[in-house]
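Below is one structure, written out as structure tokens; comments come after it.
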Amino acid sequence: MALTPTLYTGEDASIVIMGSGQSYFGISDFSLSISRGTAEQKLVGEKGSFVLAGSRSVDGSLTGCKLTTDGLGMLVERMIDGQSISISGSTGDNSLHFYFKSCQVKSFNFSIGTADDITDGSIDFTLLYPYKVSSTTQDGKGYTKLWDFA
Amino acid sequence: MAGTVTGQDANVWIAAHAAGTAVTDYTDKDHATFGISDFSLTIDRGSIEEDLIGMPGNYFDQGKLSLNGSLTECKFGASGNADLLNSIIDGTGDYQYVTISGQISDAAGKTYLKWYLVSCQITKYDVTIGDADTVTEASIDFIVLDPQNVDYTTGLISDAVHS
């Protein structure tokens with residue numbers, strides 16, 4: 001646990017994608033989901049089933065407004081070419097840090113509206129190697145880190 | 001904020017054409033002629049998954065590519081441009097394919113994303129009629145028939161086979 005429990009807002013967050021910070025992409029929202037399935041064995045004669053932890057998966061999404069070659073275009077290029085991207089960041093200095101190298105862009109969508117609408121694009125991504133994800137809590141530094149490489 | 005633009009900066013061109021031909025005349029093929037009020041393009045890349053024994057998760061890799069999109073127009077048929085209607089109804093000859101191209105912005109200083117998709121097929125054409133306060137619009141869905149040809153070059157997403 002951090003030395004002092006701290007509340008953070010989006011202002012404290014940082015996102016780095018392929019070495020470029022959030023300002024390169026004009027990110028307006030970012031989400032990261034870590035899921036763990038369940039394996040369930042139904043049981044006769046019991047009031048409930050037997051359940052174990054199942055496979056792990058990690059995916060996420062972001063929205064960015066810079067639809068340029070040095071913005072979201074870098075991610076679209078990797079998607080079309082079938083190459084992975086790296087996504088790292090933190091929700092705050094003493095909060096969650098993550099560094100994933102095996103991200104695949106699964107979906108890119110942009111919408112164009114009127115002169116009152118900012119043109120932005122949405123990206124969905126998933127981790128190709130979720131089984132490599134590890135976590136560690138740095139008590140001395142006060143943060144928890146997730147990563148998908150040795 | 002540099003690189004941020006609105007829908008005012010975008011351009012869209014739509015034109016039906018025969019197989020093996022390229023559209024050279026875009027007269028009356030722009031967003032203003034169709035009266036486009038919104039446009040979206042989605043690129044999907046599937047995942048393949050291999051179950052793994054002895055591991056806490058499965059193996060994933062890149063899957064197939066697919067592209068589709070949608071738009072809404074208020075000037076259709078003879079009152080604007082009928083290429084989309086002709087293509088979904090006829091679908092042969094000069095209306096076999098639809099080229100849909102455009103750009104996020106052509107403002108100087110940045111290279112914005114552009115798309116040039118020559119193998120589009122209209123998959124849905126939905127006209128909605130309301131009362132006197134409601135503009136009659138048509139919602140169109142399209143799909144790219146040749147996603148295997150799609151590449152990305154300096155901001156251009158294209159399925160035109162380059163020599």
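For each pair in A:LYS101/B:LYS64; A:LYS66/B:LYS64; A:LYS101/B:LYS124; A:LYS145/B:LYS110, compute the distance between the two Cα atoms and list the pairs where it is over 28 Å.
Checking Cα-Cα distances, A:LYS101/B:LYS124; A:LYS145/B:LYS110 exceed 28 Å.
Mind checking which of A:ILE112, A:ILE87, A:ILE34 has the largest fluctuation in a GNM of chain A, springs on alpha carbons under 10 Å?
A:ILE112
Expressed as cubic angstrom per residue, what is the convex hull volume of the alpha carbon set of the range B:5-61?
Expressed per residue, the convex hull around the Cα atoms of the range B:5-61 is 179 Å³.
Restricting the count to DSSP beta bridges whose residues both fall in the range B:39-163, what percent are antiparallel, rounded to a multiple of 5?
Here the antiparallel bridges make up roughly 90 percent for the range B:39-163.
Measuring from label point to label point, each 7 Å out along Cα→Cβ, what is the A:SER61 to A:GLU11 span in nm?
2.7
If I take R0 = 30 Å and measure r between the Cβ atoms of A:THR38 and A:THR137 in this structure, what FRET efficiency does the formula 1/(1 + (r/R0)^6) give, to the nearest 0.05?
E between A:THR38 and A:THR137, to the nearest 0.05, is 0.75.
How big is Rg to Rh over chain B, alpha-carbon atoms, Rh as the Kirkwood inverse-mean-distance radius?
My calculation of the ratio gives 1.05.
Please report the carbon-and-sulfur percent of the accessible area for the protein assembly as shown; probe 1.4 Å, protein heavy atoms only, DNA, RNA and ligands left out.
Ligands and nucleic acids excluded, carbon and sulfur reach 49 percent.
Subtract the Cα-Cα distance of B:LYS124 and B:ASP106 from 0.36 nm times their separation in residues, and report this length gain in nm to one decimal.
3.5 nm
Over the Cα atoms of the protein assembly as shown, how large are the radius of gyration and the largest Cα-Cα distance (Dmax), in Å?
According to the Cα coordinates of the protein assembly as shown, Rg and Dmax are 23.2, 75 Å.
Summing Lys, Arg as +1 and Asp, Glu as -1, what charge do residues with Cβ under 14 Å from the Cβ of B:GLY35 carry, B:GLY35 excluded?
-4
In Å², rounded to the nearest 100, what is the total accessible surface buried by chains B and A against each other with a 1.4 Å probe?
3500
Leaving ligands, DNA and RNA out of it, work out the accessible area of A:MET74 with a 1.4 Å probe and give it in Å² to the nearest 10.
Answer for A:MET74: close to 40 Å² accessible.
How much length is gained on full extension from A:GLN83 to A:ASP117, taking 0.36 nm per residue of separation minus their Cα-Cα distance?
9.1 nm
The values are calculated or read from the model by the stated rules, or taken from the named source; none is laboratory data. Given the structure is predicted, the values throughout are model-derived calculations rather than measurements. Glycine also receives a Cβ, built like all others from the backbone with ideal geometry; neighbour counts cover every protein chain displayed. For the accessible areas, the whole protein counts, side chains as well, though only heavy atoms, and no ligand, DNA or RNA atoms are used. Shrake-Rupley method; radii C 1.70, N 1.55, O 1.52, S 1.80 Å.
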